[in-house]
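Here's the structure, in structure tokens; my notes come after.
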Amino acid sequence: MALMIIDECISCDVCVPECPNEAIAALGDTYVIDADRCSECVGDHESSRCVDVCPVDAVLPDPNRVETREQLLAKKTA
Ligand code: SF4
Ligand code: SF4
């Protein structure tokens, strides 16, 4: 399941360098996750790094992007 950033985001930029797939980017006043790149960190980390580091809990699972472990692994870039 790809993740998404909600309105609570304070644009602190902390999550961007943590993403192994360069899936997070600034967009106007907030930050967004490219669902086609987000692997939920499967194959790279035990948990989703953006969720771990976000100080305001602004990253949540996107219920519209339910994926299997195989689909998530296929998005791993390195
Ligand atoms: Fe990047 Fe992992 Fe967050 Fe997805 S869960 S946006 S791959 S840090
Ligand atoms: Fe927004 Fe959280 Fe990322 Fe900071 S770490 S830019 S608050 S989503």
Self-check item: Local electrostatic count at R65 - Lys and Arg +1, Asp and Glu -1, tallied over other residues with Cβ under 12 Å
Solution: -3
Quiz prompt | Enclosed volume per residue, in Å³, of the convex hull spanned by Cα atoms of the chain | solution = 80 Å³
Quiz item: Cβ under 14 Å from P55's Cβ, P55 left aside: what net charge do those residues give with Lys, Arg +1 and Asp, Glu -1?
Solution: -4
Quiz prompt | Per-residue [θ]222 nm for the chain (sum of -39500 (n - 2.57) over DSSP H runs n ≥ 4, rounded to 500) | solution = -3000 deg cm²/dmol
Quiz item: Based on the Cβ-Cβ distance of N64 and E18, what FRET efficiency does E = 1/(1 + (r/R0)^6) give at R0 = 25 Å, to the nearest 0.05?
Solution: 0.60
Quiz prompt | Per-peptide average of other Cβ atoms within 10 Å, ordering 64-70, 16-22, 48-54 highest first | solution = 48-54, 16-22, 64-70
Exercise. Treating only the Cβ atoms of Lys and Arg (+1) and Asp and Glu (-1) as charged, compute the dipole magnitude of the chain about its Cα centre; round to the nearest 20 debye.
Key: 260 debye
Quiz prompt | Environment charge at T30 (Cβ cut-off 12 Å; Lys +1, Arg +1, Asp -1, Glu -1) | solution = -4
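Values quoted throughout were computed directly from the atomic coordinates according to the rules given, and no laboratory measurement underlies them. All of these numbers come straight from a predicted model, not from anything done at the bench. Note that we place each Cβ from the backbone using ideal geometry, even for glycine, and neighbour counts take in every protein chain shown.
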